[in-house]
1. Sort through GLU107, GLU94, GLU100 and tell me the only one that's in contact (Cβ under 8 Å) with a residue 24 or more places away in the chain, over 19 Å from GLU39 (Cβ atoms) and among the acidic types (Asp, Glu).
2. In the range 358-392, which residues are among the β-branched types (Val, Ile, Thr) and part of a helix (DSSP H, G or I)?
3. Can you pull out every residue in the range 140-165 that is more than 26 Å from PHE210 (Cβ to Cβ), of a type in the set (Lys, Arg) and surrounded by fewer than 18 Cβ atoms within 10 Å (Cβ to Cβ)?
4. Identify the single condition in (1) of a type outside the set (S, T, N, Q); (2) buried (at least 23 other Cβ atoms within 10 Å of the Cβ); (3) farther than 28 Å from MET173 by Cα that GLY294 does not satisfy, given that it satisfies every other one.
5. Kindly indicate the residue of the range 117-139 that is crowded, with 20+ Cβ neighbours inside 10 Å and out of contact with any Phe, Trp or Tyr (no Cβ under 6 Å at 6 or more places or on another chain) and also farthest from GLU64 (Cα to Cα) among those meeting that condition.
6. Exactly one condition in (1) in contact (Cβ under 8 Å) with a residue 12 or more places away in the chain; (2) of a type outside the set (D, E, K, R); (3) farther than 24 Å from LYS40 by Cα is false for GLY294; which is it?
7. Of everything in the range 416-456, what is polar (S, T, N, Q), surrounded by fewer than 20 Cβ atoms within 10 Å (Cβ to Cβ) and either farther than 30 Å from ASP46 by Cβ or modelled with pLDDT under 95 (or both)? Give them in sequence order.
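The values are calculated or read from the model by the stated rules, or taken from the named source; none is laboratory data. Nothing here was measured: the structure is a model prediction, and the numbers come from that model. Please note: Cβ atoms are built from the backbone with ideal geometry, for glycine as well, and neighbour counts cover all protein chains shown.
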Amino acid sequence: MSSPTASDETLVESKSQLIDYIASGEKPQADWRIGTEHEKFLFCTDSHRPLAYEGRPGVKGLLEALSGPEWEPVLENGNIIALKGTDGASVSLEPGGQFELSGAPLENVHQTCAEVHRHLDQVVAACKEVGAGTVGLGFNPLWKRDDIHWMPKGRYKIMKSYMPKKGNLGLDMMSRTCTVQVNLDFGTEADMIEKMRISLALQPMATALFANSPFTEGKPNGFLSYRSHIWTDTDPDRCGMLPFVFEDGFGYERWVDYVLDVPMYFVYRDGVYHDVSGKSFRDYMQGKLEGFEGQLPTMTDWTDHMTTVFPEVRLKKFIEMRGADGGPWGNLCALPALWVGLIYDAQAQQEAADLIKDWSIAEISAMRDAVPKQALGAKFRDGTVQDVARTVLEICQGGLKRRARLSSSSGLDETQYIEPLHQIVATGRTLADDQLQAYHTRWNHSVEPIYNELKY
């Protein structure tokens, strides 16, 4: 979730402006970049409890500790709620105090992985100063919803009030989940369409590969990716698999129509979030938004609104892959490598498009429904998602090899970063499976060891 975007006060007077905004993301392949986002939980090292904003250890203190020449504080109502990096990266707060790095746009996975390591080193050092720790998981294995301290951000207050009106698990999504995502570019509208279809069709497979959330409040929850399940009961207006992406006529305009139909959360003016939850952006464009009668939205209002849709894959001026649980260091490099290998090499993209071209939306949706519980064991056609993942990793491997981006330090190409995924596919065992085995054996039916064994 996002902090206020850079201000653009241009008035929105026609839908064509919104279409043009997305189209402006088109880039020649030489300019395609990789932007990785990852969230992690913060906890008190002595109790494994969540951090409050104030106090010691506290979230505010960690942000202050990270502030410096590289990271400029971002304030809301006098509270530090984010950090802006000099290189285009940012650190922001999720509702329950999760730390999110939104990485800079980088040229290759080597740079992305170096950025991940540098950031985690900084966070771990700051945590040690105040008696905190940090861990990457899809869902918090121990905390109850009422245990968690909400961060002082205006948009989260509005969302917290609205979420229970639309689903049963929206507050859990906000406060108890973490993900790793990658943002990737497209060249043309046709390229965007193909990449969106590949990404949506294969997102359940990614969910299975990265499944890492088998516990709720200290007990197995019956899922391997509970985080993924949560999205099925959050808000049907703004979540899901988006069948229209696979229909004839899909393009920039159809995406804009979809976003326009998603109810609003807020309007941000002069440092204040105004609650317009459930209201229509289309009404806003006609000067009929309740409380803002006679006013037209700005482009900033539109870009803010675009951040409030939460499908499995999201289109802005780039494409966001949103299906994976948060995880250990290696996974934070594997996720961008997976998608870069699939859609940043022309041959791999064509092979991926050929793979999914005759998949029906019913089949894709059934796979999406099955993987939260079954992960790689979920059935698909005459095989399993494990079989799909094996084929996809072969395509990805070829794409990364052809990219031939070599590390300046090791001389290795980007295929090294998908090695953890090869291991998962070879064994059929996800991180969640390994944790469940530990829970029933050496952890002696406790999730507490996670905080020591899996911390960054």
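1. Numbers: GLU94 fails: over 19 Å from GLU39 (Cβ atoms); GLU100 fails: over 19 Å from GLU39 (Cβ atoms).
Result of the check over GLU107, GLU94, GLU100: GLU107.
2. ILE361, ILE364, VAL371, VAL385, VAL388, THR391, VAL392
3. LYS157, LYS160, LYS165
4. So the condition that GLY294 fails would be (2).
5. Among those residues, the one meeting the criterion is GLY138.
6. Answer for GLY294: the failing condition is (1).
7. Let us first name the residues in the range 416-456 that are polar (S, T, N, Q), namely 416, 423, 427, 430, 435, 437, 441, 444, 446, 452.
Imposing the further condition that a residue be surrounded by fewer than 20 Cβ atoms within 10 Å (Cβ to Cβ) reduces the set to 416, 423, 427, 437, 441, 444, 446, 452.
Selection gives GLN416, GLN423, THR427.
Residue-wise test of (1) surrounded by fewer than 22 Cβ atoms within 10 Å (Cβ to Cβ); (2) of a type in the set (S, T, N, Q); (3) closer than 19 Å to PHE186 by Cβ.
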{"residue": "GLN286", "(1), (2), (3)": "yes, yes, no"}
{"residue": "CYS333", "(1), (2), (3)": "no, no, no"}
{"residue": "ILE343", "(1), (2), (3)": "no, no, yes"}
{"residue": "ASP354", "(1), (2), (3)": "yes, no, yes"}
{"residue": "LYS357", "(1), (2), (3)": "yes, no, yes"}
